[in-house]
1. Quick one: N183 ticks every box in (1) modelled with pLDDT under 95; (2) not in a helix (DSSP H, G or I) bar one, so which box is it?
2. Can R116 be described as touching a residue at least 40 places away in the same chain (Cβ under 8 Å) and among the basic types (K, R)?
3. Condition first: under 18 Å from F60 (Cα atoms), modelled with pLDDT of 95 or more, β-branched (V, I, T) and touching a Pro at 6+ places or on another chain (Cβ under 9 Å). Can you find one or more residues in the range 138-156 that meet it?
4. Do you know which residues across the range 104-128 are part of a strand (DSSP E or B) and either among the charged types (D, E, K, R) or at pLDDT 95 or above (or both)?
5. Taking the range 57-70, which residues are within 13 Å of I144 (Cβ to Cβ) and either among the polar types (S, T, N, Q) or part of a strand (DSSP E or B) (or both)?
6. Output the number of residues of the range 132-159 satisfying the condition of being part of a helix (DSSP H, G or I) and farther than 26 Å from S110 by Cα.
7. Only residues that are of a type in the set (D, E, K, R) and farther than 27 Å from E157 by Cα: list them for the range 97-118, please.
8. Of R172, R164, which residue is more than 22 Å from the chain's Cα centre (by Cα) and at pLDDT 85 or above?
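The values are calculated or read from the model by the stated rules, or taken from the named source; none is laboratory data. All values derive from a computational prediction rather than experimental measurement. Backbone-built Cβ (ideal geometry, glycine too); neighbour counts: all protein chains shown. Ligands, DNA and RNA are excluded from the accessible area calculation, which covers all protein heavy atoms including side chains. Shrake-Rupley method; radii C 1.70, N 1.55, O 1.52, S 1.80 Å.
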Amino acid sequence: MSDDTEILDFVQPKPSHDRRPPHRQRLAGDKENDAEEETCPAFGYLRGIRDRALAVEFRFLNGNSAFFPYSWLGPWWHNPSVGLLLKFTGDVVTLVLIRGSNLDALVNQSINLTDRGLQRHRITFIREMEEAEIRLVDEKGPTIDSIEITEFDSQAELREWLKRTATSFLGRSMSFEGRLPNNLATE
């Protein structure tokens, strides 16, 4: 008869540097998940070029997360000098502002956060990085400085927030000619 503590040791997850809550961490040797998903310091992604995630998770430094279904993702913009601005439309309009650098840089010669990732619904999570982590990333690698998520009940609130927080997405360089694009307006 085996000792009960050996059984408990077997089923308990091994210590990990994974920042996800214990119920979301992969166990060592979980080959099914290892084959499907890959990570870099800034984000996680599905490896298969035809694979599609149902939702994207935004992970904050404080340990909190927010999940949004890809079916709610509308237009989004990439301004390399600022970051990404994503629009999710559900019960309310939600904008997600992701500030970082090299967001369109290739990771593992196969994916980036923009056209090969979010556009193809392959990104499973995007995470804020601590300053020490950012310093460890190669100068050409993607980094996430901050993620800001804001909900809007009215077009006026949305316009004011954009003017105050993300004016770079309203400039002539984005061909909006200084005004809010109609597709950012709430219904």
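1. Unmet for N183, out of (1) modelled with pLDDT under 95; (2) not in a helix (DSSP H, G or I): (2).
2. Values: touching a residue at least 40 places away in the same chain (Cβ under 8 Å): no; among the basic types (K, R): yes.
Taking the combined requirement at face value, the residue does not satisfy it.
3. Checked against the condition, which is being under 18 Å from F60 (Cα atoms), modelled with pLDDT of 95 or more, β-branched (V, I, T) and touching a Pro at 6+ places or on another chain (Cβ under 9 Å), the range 138-156 yields at least one hit.
4. Within the range 104-128, I123, T124, F125, I126, R127 qualify.
5. E57, F58, R59
6. 5
7. Quick first cut of the range 97-118, residues of a type in the set (D, E, K, R) only: 99, 104, 115-116.
Within the range 97-118, D104, D115, R116 qualify.
8. Going through R172, R164 in turn, just one is more than 22 Å from the chain's Cα centre (by Cα) and at pLDDT 85 or above: R164.
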